[in-house]
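This report refers to the structure that appears directly beneath it.
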């Protein structure tokens, strides 16, 4: 290009979680010339750490320094808190302490997971959806709430006669149940 040119294009932006490949981002209703790209929804752009011995410690203690950069959609402090909570929850399975406090926390988490499992196994008929949304879900073979939340928003928009209005309705209904599209539901469905 040797001279100034004007380029006109449209960009589709959507919410997501984690990583989504260009293949997964391609929609059936995309027009010719649409270029799907990989999507990274991680708000953390960089993390570095440094471990230094504490000079005044005689017991070999060390100081951990974390440097966390985010894209501004979440604060580094919130991201570290979230990661620490996930780590704590995952490591709780390895606790062999019989204290009542730990049992109470585990029972509370199990009860919460069982409650969510109960919701996930319900039929979409119980969601009180509009006729259009309900028919679209039935035509797509979605019978339970778990099958619904397992889908990503962009997958939903690919279903025949399913548009933004239906998507908004489902987002609101799922929000009332503290659920959302793209959930990792395996942990709940395996709870006994």
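Computed from the coordinates by the stated procedures, all read-outs in this text should not be read as laboratory data. Nothing here was measured: the structure is a model prediction, and the numbers come from that model. Every residue, glycine among them, receives a Cβ derived from its backbone with ideal geometry; neighbour counts consider all protein chains shown.
Structure summary
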quantity: Part-to-part distance (alpha-carbon centres) for segment 25-70 and segment 123-174, which is given in Å; calculated: 33
quantity: Helix-only mean residue ellipticity at 222 nm for the chain, each DSSP H run of n ≥ 4 adding -39500 (n - 2.57), per residue, nearest 500; calculated: -11500 deg cm²/dmol
quantity: Order by protection proxy (mean Cβ within 10 Å, highest first), peptides 14-21, 146-153, 43-50; calculated: 146-153, 14-21, 43-50
quantity: For segment 1-89, the Rg and Dmax computed from alpha carbons only, in angstrom; calculated: 21.6, 69
quantity: Among (i) 110; (ii) 211; (iii) 150, the entry derived from the coordinates for volume of the Cα convex hull per residue in Å³; calculated: (ii)
quantity: Order of 144, 65, 74 under a 10 Å beta carbon neighbour criterion, fewest first; calculated: 65, 74, 144
quantity: Segment 1-73, relative contact order in percent, only Cα pairs under 8 angstrom and at least six apart counted; calculated: 25
